[in-house]
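A short worksheet on the structure shown next.
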Ligand SMILES: [Zn+2]
């Protein structure tokens with residue numbers, strides 16, 4: 001998660017001060033047995049337009065055949081058994097289910113509340129909410145992601161003591177309807193984690209949310225602890241501003257070395273130029289946020305094939321945040337947004353020019369009074385506002401994200417052998433990324449979750 005620091009109510013400090021965090025009530029509308037029954041039939045989806053994420057092109061009139069939870073063919077003509085179920089999406093553009101590489105499904109920050117902010121909200125999550133309720137809240141949020149067309153997320157901590165693992169398991173066993181999840185468990189951090197301002201006697205509270213690392217040897221132990229709990233990746237905090245303590249390059253290198261022994265990737269929260277550089281030198285696999293970058297550090301990222309996940313705020317999410325915070329002056333909102341945009345655009349443009357692989361991540365943990373998944377999708381609109389074209393944006397949330405999650409050929413693509421994670425939108429996606437607001441159909445793992453219109 002990032003910190004949105006307010007100096008006065010509703011006022012955001014300049015963009016470089018930004019950091020990060022993560023976000024969860026139950027979601028059992030579709031019984032697991034119903035999904036399984038549906039998933040067992042052969043289904044043919046007629047796509048009026050079809051986004052081929054591997055080639056980066058839109059095709060006309062394609063037929064996607066799905067058996068159980070897999071795609072078996074994509075053809076220009078229909079090749080269906082007589083008893084196949086036909087889903088006509090001829091009016092829509094069909095694409096792979098979206099992937100969000102940076103979520104916090106078990107954490108939600110209420111905005112504008114007296115004394116609010118990430119530190120206070122983190123304490124509230126730990127003290128007043130607790131792991132069990134957080135997992136239930138996370139289940140509800142996971143359903144909103146799925147309904148918004150985000151079929152897979154990588155969830156990066158702020159989920160108590162492995163409550164993310166519990167949610168992932170409940171989704172996998174079909175008792176909860178939600179997006180496919182990869183989870184990190186508690187993030188590895190220097191002293192203090194991301195909960196600044198605790199008085200000394202309450203510092204141990206941090207241990208309920210973060211794994212505090214105190215030496216390279218301890219770093220190795222922390223990785224093993226998380227792996228023993230079956231995490232999918234390791235999350236490390238190269239910085240945890242506004243707390244001052246930072247992990248050393250040696251500590252992060254020990255984390256990377258141990259994780260890579262098991263083929264597990266390491267995602268680094270890094271906001272400042274210095275912490276990004278330290279994480280890169282330590283050999284992490286991705287830099288999350290990356291709000292400030294010199295060309296020299298970009299070169300290091302490029303040489304080491306490190307992915308970058310820019311967690312940017314769209315203009316509409318920014319305005320909503322400000323309004324909920326109590327800022328009524330539209331000129332003030334616009335001025336602050338433009339300052340943020342200038343910096344975001346500069347960094348994103350230089351990343352794009354460098355050829356570094358960019359994967360999309362929302363870091364959407366703010367309570368914007370809308371379905372969480374709907375708000376998360378808007379990170380893709382932020383990329384557009386920074387000058388990224390539609391095809392490149394779609395790559396960040398499909399094949400690039402799938403590579404980052406080590407699920408290439410299975411998600412982020414619709415082709416023989418891939419999981420049947422398929423969505424459809426209404427409108428000209430090739431011209432306007434914002435038609436992703438108009439999701440009319442969602443299939444995950446071969447089960448229809450949303451639509452198609454007229455059939456349900
Ligand atoms: Zn985050």
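Bear in mind these aren't lab numbers, they're just calculated from the coordinates by the rules spelled out. None of the values given here were measured: they were computed from a predicted structure. Counting neighbours? That spans all protein chains shown, and the Cβs are built from the backbone with ideal geometry, glycine included.
Values as computed for the structure displayed
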{"read-out": "Simple spin-label estimate for residue 335 and residue 369 in nanometres, 7 Å along Cα-Cβ", "value": "2.5 nm"}
{"read-out": "Förster radius 51 Å - calculated FRET efficiency between residue 77 and residue 328 (Cβ-Cβ, nearest 0.05)", "value": "0.35"}
{"read-out": "Distance between region 142-164 and region 369-397 - C-alpha centres, whole angstrom", "value": "17 Å"}
{"read-out": "Ranking of 43, 294 by count of other Cβ atoms within 10 Å, fewest first", "value": "294, 43"}
{"read-out": "Beta bridges by DSSP in the chain, antiparallel share as percent, to the nearest 5", "value": "50 percent"}
{"read-out": "The chain: calculated mean residue ellipticity at 222 nm from DSSP helix runs of at least 4, using -39500 (n - 2.57)", "value": "-10000 deg cm²/dmol"}
{"read-out": "Neighbour-count order for 108, 405, fewest beta carbons within 10 angstrom listed first", "value": "405, 108"}
{"read-out": "Residues 260, 289 arranged by fewest to most Cβ contacts within 10 Å", "value": "260, 289"}
{"read-out": "Rough spin-label spacing in nm, given labels placed 7 Å along Cα→Cβ, for residue 249 and residue 86", "value": "6.3 nm"}
{"read-out": "Between region 201-276 and region 412-441, the Cα center-to-center distance that results, in Å", "value": "35 Å"}
{"read-out": "Separation of the residue 281 and residue 261 label points, Cα + 7 Å toward Cβ, nm", "value": "2.4 nm"}
